[in-house]
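One structure below.
The values are calculated or read from the model by the stated rules, or taken from the named source; none is laboratory data. In this text, all values refer to a predicted model and were calculated from it rather than measured experimentally. Here the Cβ positions follow ideal geometry from the backbone for every residue, glycine too, while neighbour counts run over all protein chains shown.
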Amino acid sequence: PPDVEQLGRATWTFLHATAAYYPDKPTPTQRANMLMLLRSLPILYPCTWCAQDFGRDIEQNPPDVSSRVALSRWLCERHNHVNKKLGKEMFDCAKVDERWKDGPAD
Ligand code: FAD
């Protein structure tokens, strides 16, 4: 089976980076594809219990694919939900662009 920690780091990197560069004004096609990407995870993610919990979480907190800022925040909150479950530190969602888009202000 895959290394759940390495898989998680790689997947969060992909998802946060994709959200950071998602358009401010996504087209209907972009929105639909982002929804499909996120809704695929509970079905396909190769860590069964992670996938199940994520599925329950996004049922209660549906993805906001309306804009780059909304999606980045939604994803940060979902990641914090997993952080909390695993006893990890909460991430400050005000710093999501600094971490995943702009880099630190020198
Ligand atoms: P990660 O949590 O992988 O984070 C990587 C980097 O992202 C951090 O170093 C930090 O810079 C940044 N970051 C941290 N929090 C946030 C945030 N809220 N917003 C933006 N950036 C942030 N593991 C399990 O053991 N059980 C599970 O049920 C489980 N479910 C998962 C569900 C999903 C959808 C995913 C993608 C992963 C899941 N994982 C699960 C893996 C787990 O979340 C971690 O990826 C793994 O434990 C490695 O953690 P890490 O401490 O290296 O940092």
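For (1) out of contact with any strand residue (DSSP E or B) (no Cβ under 6 Å at 6 or more places or on another chain); (2) part of a helix (DSSP H, G or I); (3) aromatic (Phe, Trp, Tyr); (4) closer than 17 Å to residue 9 by Cα, each residue gets a yes or a no:
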residue: 35; (1), (2), (3), (4): yes, yes, no, no
residue: 50; (1), (2), (3), (4): yes, yes, no, yes
residue: 54; (1), (2), (3), (4): yes, yes, yes, yes
residue: 65; (1), (2), (3), (4): yes, no, no, no
residue: 69; (1), (2), (3), (4): yes, yes, no, no
residue: 73; (1), (2), (3), (4): yes, yes, no, no
residue: 80; (1), (2), (3), (4): yes, yes, no, yes
The one condition in (1) surrounded by 11 or more Cβ atoms within 10 Å (Cβ to Cβ); (2) under 22 Å from residue 98 (Cβ atoms); (3) touching a residue at least 40 places away in the same chain (Cβ under 8 Å) that residue 46 fails to fulfil: (2)
Can you pull out every residue in the range 5-30 that is over 17 Å from residue 61 (Cβ atoms) and crowded, with 17+ Cβ neighbours inside 10 Å? 8, 20, 22, 26
Do we find a residue being in contact with a Ser or Thr (Cβ under 6 Å, 6 or more places away or on another chain), among the hydrophobic types (A, V, I, L, M, F, W, C) and surrounded by 14 or more Cβ atoms within 10 Å (Cβ to Cβ) anywhere in the range 65-77? no
Taking the stated definitions as given, is residue 95 assigned to a loop (DSSP other than H, G, I, E, B), among the charged types (D, E, K, R) and surrounded by 11 or more Cβ atoms within 10 Å (Cβ to Cβ)? no
Where residues in the range 51-93 are more than 23 Å from residue 4 (Cβ to Cβ) and of a type in the set (Asp, Glu), which of them is farthest from the ligand (Cβ to nearest atom)? 64
Answer with yes or no whether residue 96 is within 8 Å of the ligand (Cβ to nearest atom) and at pLDDT 95 or above. yes
Please indicate, with yes or no, whether at least one residue in the range 40-50 is near the ligand (Cβ under 8 Å from one of its atoms) and not hydrophobic (A, V, I, L, M, F, W, C). yes
Top-ranked residue in the range 1-33 [being in a helix (DSSP H, G or I) and away from the ligand (no atom under 14 Å from the Cβ); ranked as nearest to residue 77 (Cα to Cα)]: 31
